[in-house]
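Undergrad: Got a structure for you, written out below as structure tokens; questions coming shortly.
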Amino acid sequence: MANPWTGEVALTIDGERWVLKLTLGALAELEQELGAGSLVELVQRFESGAFSSGDVLALIVAGLRGGSGDVNRADLLSAEIEGGPMAAARAAAELLARAFMVPDPA
């Protein structure tokens with residue numbers, strides 16, 4: 001089960017449930033792969049709805065790697081994501097949001 005308080009997001013790929021997480025290493029790889037000036041740019045693209053399918057794919061791969069999945073981009077090109085592209089985009093957006101979420105001190 002994914003723990004949102006630790007930044008985890010669950011996604012079912014090819015019938016298997018995976019836990020994704022953006023670790024510092026995964027974020028660094030993501031930033032380099034996307035060639036973004038900063039992760040803030042990527043967050044802004046998601047907030048404005050201007051993200052691409054490549055952004056979604058890169059975030060899912062980074063989240064899988066951060067969640068201890070040994071995957072790469074090619075592994076996901078023909079994968080079946082439960083819920084389709086919208087579920088993948090939602091999971092990618094949640095990964096970004098949870099990676100930078102400040103826990104409630106209560």
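Read-outs throughout are calculated quantities, based only on the coordinates presented, and are distinct from any laboratory measurement. Just so it is clear, the model here is predicted, and its values are computed rather than measured. Because the Cβ atoms are built from the backbone with ideal geometry, glycine has one as well, and the counts that use them run over all protein chains shown.
Undergrad: Say the dipole of the stretch 4-99 comes from +1 at the beta carbon of Lys and Arg and -1 at that of Asp and Glu; which of 79, 5, 30 then lies farthest toward its positive end?
TA: Value: 5.
Undergrad: Still on this structure, please answer the following. If the chain between residue 45 and residue 16 were fully stretched, how many nm would it gain, using 0.36 nm times the residue separation less the Cα-Cα distance?
TA: Computed gain between residue 45 and residue 16 is 7.6 nm.
Undergrad: Can you pull the semi-axes for the chain, root of five times each eigenvalue of the Cα gyration tensor, sorted largest first, whole Å?
TA: Over the Cα atoms of the chain, the ellipsoid semi-axes are 19, 17, 13 Å.
Undergrad: Given only helices, namely DSSP H runs of n ≥ 4 each adding -39500 (n - 2.57), what is the per-residue ellipticity at 222 nm of the chain, to the nearest 500 deg cm²/dmol? Please list the in-between numbers first.
TA: Working: 5 runs with 55 residues, N = 106.
Using -39500 (n - 2.57) per qualifying helix, the result is -15500 deg cm²/dmol.
Undergrad: If Lys and Arg each add +1 and Asp and Glu each add -1, what is the summed charge of the other residues whose beta carbon sits under 15 Å from the beta carbon of residue 65?
TA: Net charge around residue 65: -4.
Undergrad: May I pose another question? Name the long-range amide H neighbours of residue 18: under 5 Å, sequence gap of 5 or more, or other chain; modelled H, no Pro or chain starts.
TA: 11, 12, 13
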